[in-house]
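Below you'll find the structure, written out as structure tokens, and then a few comments.
What follows is calculated from the coordinates using simple rules that are stated; it is not laboratory data. Please read all numbers here as calculations on a predicted model, not as lab measurements. Cβ atoms come from the backbone with ideal geometry, glycine included; neighbour counts cover every protein chain shown.
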Amino acid sequence: MSSETARTRGILMMVVAPSGVGKTSLTRRLVADHADLHLSISATTRDPRPGEHEGRDYHFVDRPAFDAMVEDDAFLEWAEVYGNRYGSPKAPIMEALARGESVLFDIDFQGAMTIHEKVPEDSVLVYILPPSLAEMSRRLHARSQDSEEVIAKRISRAKDEVSQWTVFDYVLLNEDFDKAYSDLAHIYHAERMKRARNLWIVPFVDELMSEDV
């Protein structure tokens, strides 16, 4: 099969979960295991947390630079969360799709809905549930990154998000990491195999049907 007929259309896979559910660990492993999948690196106005690096975890920018990007329509989506702004730069995302590659979003509910509204045919929505809100609270306290007030807000927000579970294409439970990862990887493979995204099929079938055997 020629490179022309092997063309595929990538997907925008958006993984949403409350903080402390293990979304980052799942998404980073999925990207590491799939060469055709790229992580969308968001721009943010918040300060780096311990262990975070520019260009790997986020693009850290100040408020004026972020606002300039908004004015230039440089984001596929952006929002303000807990006093900080986050946005998904549009150019690298659309360039990856044009190459037939896919983009993974470690994203919040609002951002996922915005992207889905703009490009529904390329969007895949996955929500990851915690085993319990008590376990989610324990993990948030254990990582010692947020105040009690912020943790309370995150748990309240998680309840609001969970109530919207029916808008997602897939819902996973991260009680066992290996199983949750296996399920997430199977979703990615299945979505990539959908007929509409494999642009090589039509010309290949036409060629098969034209054979004189």
For the stretch 54-134, shape from the Cα gyration tensor axes a ≥ b ≥ c, cut at a/c of 1.5 then a/b versus b/c, turns out oblate
Just want to confirm a number: the relative contact order over the stretch 1-124, from Cα pairs under 8 angstrom separated by 6+ residues, in percent.
41 percent
Normalised contact order of the chain, rounded percent, pairs of Cα under 8 Å and 6 or more residues apart
33 percent
Would you mind putting 151-161, 198-208 in packing order, based on average other-beta-carbon counts within 10 Å, highest first?
151-161, 198-208
Signed unit charges on C-beta, dipole axis of the chain, positive-most listed residue ALA134, ILE155, HIS189:
ALA134
Helix-derived mean residue ellipticity, 222 nm - over the chain, DSSP H n ≥ 4, -39500 (n - 2.57), to 500
-13000 deg cm²/dmol
Which of the chymotrypsin sites (Phe, Trp or Tyr not before Pro) found in the stretch 14-98 are loop residues per DSSP with 15 or fewer other Cβ atoms within 10 Å of their Cβ?
TYR82
Using the crude model of +1 on Lys and Arg Cβ and -1 on Asp and Glu Cβ, and no other charge, please compute the dipole size for the stretch 12-204 relative to its Cα centre, in debye to 20.
420 debye
Could the peptides 42-51, 23-32 be put in order, highest first, of the mean number of other beta-carbon atoms found within 10 Å of their residues?
23-32, 42-51
In debye to the nearest 20, the charge dipole size for the stretch 1-99, taken about the Cα centre with +1 at each Lys and Arg Cβ and -1 at each Asp and Glu Cβ, equals 440 debye
For the chain, what does the convex hull of the Cα positions come to per residue, in cubic angstrom?
141 Å³
